[in-house]
Amino acid sequence: MTQAKVQRQPKRQKRFILAPSLLSADFGNLNNTLERIEKVGCKWVHIDVMDGHFVPNITLGPDLIKSLRRKSKLFFDVHLMIEDPLKYAQAFVDAGANQICFHREIYNRSLKRITLMIKSIAKKVAISVKPETPIDSLINVLPVVDMVLIMTVEPGFGGQKLLTPTINKVRELSLMRAEMDLDFLIAVDGGINEKNILCVYTAGADVIVAGSSVFEKDKIEENIKKLYEAVNKQILYK
Ligand code: DX5
Ligand code: ZN
């Protein structure tokens, strides 16, 4: 008698988190922006930190995050595009970051050790890969991360076009996650809009970072609603 193969069910559930990226917001009006995205039902905000070395652009530091933290209850997903994330992780956590995301490309042999060190500081740790960095270079850290952020454009600037081959990386990672029976979130960042959001979501992304498509023409509420509707979700207004 052949025994029926028991299929193991993945323990995670499909999630949908829209994380507006402040990079495309009006930097002179950030408190009001956070209020608006919270009111429209978002729980997360994505904050891009750039040092002019890891990427050719400079944005903001812990002091600004600290002042935003005083007024907002949103989950601050801090994406560090800097050369020495370990050196600055504590400062960003003290400022109010809920999750620290750093780049895979910075570390090689010591990747797992550094990931665990950042996790011990931040509680929640995410690792990001540039479009050219293969997913299998993450295999050792997948069991310890809370999120993997797949860059769908070259990091550094908002308003770029999504690089289609990166969608395959989302699928690949989603399969690896199921095979390894892990529960980390998969995030995508760069060039996501009303037209391609469903495609990255069905490929396996749980967290969608969106800058220009949220802040375009300052129609934040309308733009967020369109993104939700494109994946057949409803926003829950406060
Ligand atoms: C780019 C940043 C992104 C950026 C996305 O390096 O990591 O978070 O703000 O912006 P859009 O959605 O306009 O591509
Ligand atoms: Zn980002």
Calculate the dipole size of the range 10-130 relative to its Cα centre from +1 charges on Lys and Arg beta carbons and -1 charges on Asp and Glu beta carbons; express the result in debye to the nearest 20. 860
Would you mind getting the accessible area per residue of the chain, heavy atoms of the protein chains only, 1.4 Å probe, in Å²? 51
Based solely on its DSSP helices, what 222 nm [θ] is calculated for the chain when runs of n ≥ 4 H residues each add -39,500 (n - 2.57) and the sum is averaged over all residues, nearest 500 deg cm²/dmol? -9500 deg cm²/dmol
Which of the listed residues, Cys199, Met117, Pro165, is farthest toward the dipole's positive end in the range 112-238, when Lys, Arg count +1 and Asp, Glu count -1 at the beta-carbon? Met117
Using all alpha carbons of the chain, what is the percent of pairwise distances in each 5 Å bin, ordered from the shortest bin to the longest? 1, 6, 15, 18, 20, 17, 12, 5, 2, 1, 1, 1, 0, 0, 0
If contacts are Cα pairs under 8 angstrom and at least 6 residues apart, what is the relative contact order of the range 115-200 in percent? 31
Fully extended contour minus Cα-Cα distance, from Glu105 to Lys14, at 0.36 nm per residue: 30.0 nm
I'd like the carbon and sulfur percentage of the solvent accessible area for the range 2-156, probe radius 1.4 Å, heavy atoms only, ligands and nucleic acids excluded. 49
Please calculate the 1.4 Å probe accessible area of Glu154, with all protein chains present, and give it to the nearest 10 Å². 80
Residue separation between Ser67 and Asn29 times 0.36 nm, minus their alpha-carbon distance, gives in nm 12.4 nm
Evaluate the Kirkwood expression for the hydrodynamic radius of the range 112-167, namely the inverse of the mean inverse distance over all pairs of different C-alpha atoms, and round to one decimal in Å. 12.4
Give me the lysines in straight-line cross-link reach of Lys219: C-alpha distance below 27 Å, same-chain residues under 8 apart excluded. Lys39, Lys43, Lys66, Lys71, Lys73, Lys161, Lys195, Lys233, Lys238
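The values are calculated or read from the model by the stated rules, or taken from the named source; none is laboratory data. Owing to the predicted nature of the structure, the values given are computational and were not obtained by experimental measurement. Note that we place each Cβ from the backbone using ideal geometry, even for glycine, and neighbour counts take in every protein chain shown. What goes into the accessible areas is simple: the full protein's heavy atoms, side chains included, and nothing from ligands, DNA or RNA. Shrake-Rupley method; radii C 1.70, N 1.55, O 1.52, S 1.80 Å.
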